[in-house]
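J.: The structure is given below, and queries will be raised subsequently.
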Amino acid sequence: MTTLSSIAARLEGLAIEVPSWAYGNSGTRFKVFATAGTPRTVEEKIADAAKVHELTGLAPAVALHIPWDKVDDFGRLKEHAAGLGIALGTVNSNTFQDDDYKFGSLTHSDPAVRRKAVDHMLECIDIMDQTGSRDLKIWLADGTNYPGQGNMRARQDWLQESLRQVYDRLGDHQRMVLEYKFFEPAFYHTDVPDWGTSYAHCLELGEKAMVCLDTGHHAPGTNIEFIVAQLLRLGKLGSFDFNSRFYADDDLIVGSADPFQLFRIMFEVVRGGGFGPDSGVALMLDQCHNLEEKIPGQIRSVLNVQEMTARALLVDTEALDTAQQAGDVLAANGIFMDAFYTDVRPGLAEWRESRGLPADPMAAYRASGYQEKINTERQGGQQAGWGA
Ligand code: PSV
Ligand code: MN
Ligand code: MN
């Protein structure tokens with residue numbers, strides 16, 4: 001059995017990007033409940049993200065969403081973040097909150113609407129030039145509700161044509177990550193519903209286009225770790241949007257509903273060469289905290305990823321290979337489960353302390369007084385953008 005100390009160095013390679021929108025108020029279409037201390041500005045969202053990194057050492061970058069996080073001077077925003085010890089990460093585009101996009105954005109039948117959506121993406125790349133971000137994230141709400149409503153085939157062509165214009169504007173060190181989602185807001189067909197569609201478009205575009213896998217965007221029962229293995233094999237897994245779900249796109253705390261699934265995913269990430277700063281696979285959270293406090297919600301999230309990553313690194317792959325080769329089904333499964341059932345929490349607490357981090361980041365946050373401070377200082381915090 002591999003021990004935690006033997007994987008300690010590899011754990012250093014874990015970096016999780018947090019989403020700016022997780023710090024704003026969010027909810028469902030029924031009600032958005034405000035929580036105290038919610039950021040009023042982008043700078044305050046970044047300060048909260050920095051707190052998560054300060055206490056965990058796991059979250060060195062924060063993803064932006066445009067226009068939710070639009071500011072006049074992104075160079076200054078970058079400096080603000082750097083001053084707090086974090087970087088600005090992935091830039092998320094938004095082509096789903098404008099009346100013009102009612103029937104689609106990059107896939108719209110009207111070239112003027114497609115142009116508008118492309119221009120928005122180009123603006124996002126201009127912002128990336130200033131923030132130093134590598135990735136442009138594209139998630140499209142495009143689709144139809146009724147059979148016959150749209151020309152599904154033509155929309156694929158328009159999509160590729162639009163994406164090409166965005167792709168051609170990417171700088172040498174920039175990438176586009178195309179996210180898929182099987183339904184919602186469209187209920188009959190979605191223009192990028194699955195990894196295969198995203199992969200097909202990315203392949204056609206070129207090496208700077210990669211697939212983004214959001215764990216909440218699959219039908220129940222989907223073997224997500226298989227998709228991970230396949231995309232890594234094909235060299236097209238660009239990023240993850242981590243979250244947890246019971247029913248649909250719940251955006252709950254990653255690892256909360258099914259930690260075993262997160263373990264299985266991280267195992268394939270590690271095995272497929274997708275782990276670590278040079279792997280080209282960005283691990284991001286895409287979550288909302290509707291009821292719980294947001295900063296501790298994010299701390300818990302990154303810790304969950306760390307715990308399941310540690311367990312995945314603990315799998316005795318040599319013994320596993322041997323058992324698999326021998327066709328020893330139960331031995332192979334037993335080796336896998338041994339790692340999953342290992343309680344890594346005490347070992348990780350020691351790992352943190354040895355690096356000058358609090359052994360228990362959740363407790364350290366509660367003791368820090370930060371929440372009380374922002375509760376008093378910040379009145380009238382912003383909605384994350386969802387449901388706005
Ligand atoms: C909508 O499903 C969504 O949750 C996508 O997962 C995006 O990544 C996210 O919104 C932010 O735009
Ligand atoms: Mn997502
Ligand atoms: Mn989603």
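J.: Which order results if 250, 119 are arranged by neighbouring Cβ count within 10 Å, fewest first?
T.: 119, 250
J.: Next up: For region 64-146, evaluate the Debye formula with one uniform point scatterer on each Cα (no solvent term) and list log10 I(q)/I(0) at q = 0.21, 0.22, 0.24 Å⁻¹, rounded to two decimals.
T.: Treating every Cα as an identical point scatterer, log10 I(q)/I(0) equals -0.91, -0.97, -1.09.
J.: Under 11 Å from the Cβ of residue 142, count the other residues' Cβ atoms, weight Lys and Arg +1, Asp and Glu -1, and hand me the total.
T.: +3
J.: While we're looking at this one, here's another question. Quickly work out the residue 278-to-residue 70 label distance, labels modelled 7 Å from Cα along the C-beta direction, and quote it in nm with one decimal.
T.: Label-label distance for residue 70 and residue 278, simple model: 4.0 nm.
J.: Going by how many other Cβ atoms sit within 10 Å of their own, how do 270, 32, 18 line up, fewest first?
T.: Least crowded to most crowded, the residues run 32, 270, 18.
J.: If you place +1 on the Cβ of every Lys and Arg and -1 on the Cβ of every Asp and Glu, how big does the dipole about the Cα centre of the chain come out, in debye to the nearest 20?
T.: Charge dipole of the chain: 340 debye, to the nearest 20.
J.: Here's a follow-up. Listed here are the pairs 31/102; 70/137; 51/236; 45/102; 51/373; which of them are more than 21 Å apart at the Cα?
T.: Long pairs (Cα-Cα over 21 Å): 31/102; 51/236; 45/102.
J.: Give the order of 44, 318 when sorted by the count of other beta carbons within 10 angstrom, beginning with the fewest.
T.: If I rank by nearby Cβ atoms, fewest first, I get 318, 44.
J.: Can you give me the distance in nm between label points at residue 383 and residue 368, each placed 7 Å from the Cα along the Cα-to-Cβ direction?
T.: Between residue 383 and residue 368, the label points sit 2.8 nm apart.
J.: Right, something else. Within 10 Å of each candidate Cβ there may be at most 16 other Cβ atoms; applying that plus a DSSP loop requirement, which chymotrypsin sites (Phe, Trp or Tyr not before Pro) in region 206-265 survive?
T.: 246, 247
J.: What aspartates and glutamates could a cross-link reach from residue 181, if we take a straight Cα to Cα line under 14 Å and drop same-chain neighbours fewer than 8 places away?
T.: Cα-Cα hits under 14 Å: 142, 191, 194, 214, 241, 249, 250, 251, 286.
J.: Please give the length that would be gained between residue 183 and residue 354 if that part of the chain were fully extended, namely 0.36 nm times their separation in residues minus their C-alpha to C-alpha distance (nm, one decimal).
T.: 57.1 nm
J.: Does the chain come out rounded, prolate or oblate by the C-alpha gyration tensor, with a ≥ b ≥ c the root eigenvalues, rounded set by a/c under 1.5 and, if not, prolate when a/b is larger than b/c and oblate if not?
T.: In terms of gyration-tensor shape, oblate.
Taken together, the values in this text are just the output of simple stated rules run on the coordinates, not laboratory data. If you're wondering where the values come from, they're calculated on a predicted model, not measured in any experiment. As a convention, Cβ positions derive from the backbone with ideal geometry for all residues, glycine included, and neighbour counts pool all protein chains shown.
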